[in-house]
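Q: Starting off with a structure, shown below.
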Amino acid sequence: MGMHRIVKHREPQADTFTRPLSESVLPKWRIPEEMSDPRAAYEIVRDELALDGNASQNLATFCTTWSDTETRKLMDDAMSKNLVDKDEYPQTAAIESRCVHILGDLWHAPADADAMGCSTTGSSEAAMLAGLAMKWRWREAREKAGKPTDRPNLVCGPVQICWEKFARYFDVELRQVPLRADATGLEPDQLSDHVDENTIGVVAILGVTFTCAYEPVAQIAAALDAVEDKTGLDIPIHVDAASGGFVAPFLRPDLEWDFRVRRVASINSSGHKYGMAPLGVGWVVWRSQSLLPKGLVFHVDYLGGNVPTFALTFSRPGSQVIAQYFTLLRLGRHGYTEVQQACADTAQWLGRHIAQAGPFDMLYDGHGALPAVSYRLKDGYDRFSLYDLTDQLRMRGWQVPTYELPPDRENTVIQRILIRHGTSRDTAALLMDDIHRSIEQLTRPQPQHRGFHH
Ligand SMILES: *Cc1c(COP(=O)(O)O)cnc(C)c1O
């Protein structure tokens, strides 16, 4: 009998893991010389990505981590559509425009005004556009009055980093009003000390990143009305409703935070947060066309017509916008209400159990604002820190962030858990079991001697 020689198969039928690509440690910082079998390359990239956190256990993010099959299919079908090519893809452009109208309506844009808006890559780009519009309007008014325009400022509470970016990128002073003890956001009576003739606007947040609370937009507007009565300064409000813009209209329809408040000039929201669209879409809407300075809008010829565009980008995927439209169409008002209510119920359930666990004081127990909870350790509790708890939970794959509150409350360390579409009650119960187990582990008496006894 002869010996069997192993012949390596290089042909298409070869097993994926015997292909040359699978049998080498890959160069990470140079493009490879040769082509590879797509299946082998796919396995390698997919396996590497498995080292990332599991998105469904990521309770730190506001962003969509679950999508249905139809969304995936529509996005796949639309993968090649460029949102900027309004001429080539007029229906995609029409769908974007419908979404803007749907949101304007949801946020009570006055019927007699000509609300307008656009999609963006997220709330950050939306914040840049809304911030620029405020800055340009302020500058036009100042120039008309013959006053200097070199020191614009923007007043806000504990904002998300996108407003710090806006301020730095576009030369605006950011006046962040310090967070008061026991407050969860900007309070109306703090404003008059911070606004002046150089204030381009006030940002109110519907769903503060740190605490999940809604800032009281109507009361903030009333405080600015009082400022106007006293000083004549007419300061607009922009509402950063990155998360709340898709929650409040369904769970708290009577809460007046939107265009029902006369002073609200513009609103942004992240479609890819509680809007339930996949990552990569946000929205900004102005109460009326007159609030968007003409100089910021570029005109693109389109089907013999003329389409105005306002964006920081040029080419962008159309599929996220299409997925947003599908989700609005598919769920409707009732569907959004049911999903957000289920999330809120689960957040409140979790809030009750965390409050009962012993070591925690609740900052926000899931009632009234976003479907989320936040809490800190009881005063004087020192058997473990929240950072220890984050590490302990991470061993089971949960991502529950711990962080300091913004100025002036940097000494307060808190933990925050977000509940979104796709986080079931059962998942929350599994997390709760792991929180109990982690507390037990962290408070167990440490053995005196480590290692083996001889
Ligand atoms: C998430 C968030 C942003 C940034 O939104 P992106 O869509 O991630 O760009 C801005 N403001 C608030 C209040 C947020 O929660």
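Q: Restricting to region 356-395, what's the tally of residues that are aromatic (Phe, Trp, Tyr) and either surrounded by 15 or more Cβ atoms within 10 Å (Cβ to Cβ) or at pLDDT below 95 (or both)?
A: Looking only at that region, the number is 4.
Q: Right, another one. Of 186, 174, which residue is buried (at least 23 other Cβ atoms within 10 Å of the Cβ) and without any contact (Cβ under 8 Å) to a residue 40 or more places away in the chain?
A: None of the other options fit; the residue is 186.
Q: Here is a follow-up. Residues that are of a type in the set (Ser, Thr, Tyr), more than 25 Å from residue 331 (Cβ to Cβ) and modelled with pLDDT under 95: does region 47-64 have at least one?
A: Within region 47-64 (the criterion being of a type in the set (Ser, Thr, Tyr), more than 25 Å from residue 331 (Cβ to Cβ) and modelled with pLDDT under 95), the answer is no, since none of the residues qualifies.
Q: Let me ask something additional. Which one of these does residue 103 not meet: (1) away from the ligand (no atom under 14 Å from the Cβ); (2) aliphatic (A, V, I, L, M); (3) modelled with pLDDT of 95 or more; (4) over 20 Å from residue 273 (Cβ atoms)?
A: So the condition that residue 103 fails would be (4).
Q: Now, a different point. If I filter region 33-69 down to residues being touching a residue at least 60 places away in the same chain (Cβ under 8 Å) and either assigned by TED's automatic domain parsing to the domain that holds residue 276 or among the β-branched types (Val, Ile, Thr) (or both), which single residue comes out as farthest from the ligand (Cβ to nearest atom)?
A: Per the stated criteria, the residue is 65.
Q: Continuing with the same structure: Give me the residue from region 1-28 that is hydrophobic (A, V, I, L, M, F, W, C), at pLDDT 65 or above and over 15 Å from residue 48 (Cα atoms) and, out of that set, farthest from the chain's Cα centre (by Cα).
A: Selected residue: 3.
Q: In addition: I'd like the full set of residues that are out of contact with any Gly (no Cβ under 8 Å at 6 or more places or on another chain), in contact (Cβ under 8 Å) with a residue 12 or more places away in the chain and among the small types (Gly, Ala, Ser), limited to region 356-408.
A: If the condition is that a residue be out of contact with any Gly (no Cβ under 8 Å at 6 or more places or on another chain), in contact (Cβ under 8 Å) with a residue 12 or more places away in the chain and among the small types (Gly, Ala, Ser), then 357, 358, 368, 374, 385 are the ones that fit.
Q: Can you say whether residue 133 is within 30 Å of residue 319 (Cβ to Cβ), away from the ligand (no atom under 16 Å from the Cβ) and buried (at least 17 other Cβ atoms within 10 Å of the Cβ), as far as the supplied structure shows?
A: Taking the combined requirement at face value, the residue satisfies it.
Q: Of the numbered conditions (1) assigned by TED's automatic domain parsing to the domain that holds residue 295; (2) modelled with pLDDT of 95 or more, residue 310 satisfies every one except a single condition; which is it?
A: Condition (2) is where residue 310 drops out.
Q: Please work out if residue 127 is closer than 25 Å to residue 255 by Cβ, of a type in the set (A, V, I, L, M, F, W, C), within 16 Å of the ligand (Cβ to nearest atom) and buried (at least 24 other Cβ atoms within 10 Å of the Cβ).
A: Judged against the criteria, residue 127 is a match.
The values are calculated or read from the model by the stated rules, or taken from the named source; none is laboratory data. Worth saying up front: this structure is predicted, and the values here are computed from it rather than measured. Counting neighbours? That spans all protein chains shown, and the Cβs are built from the backbone with ideal geometry, glycine included.
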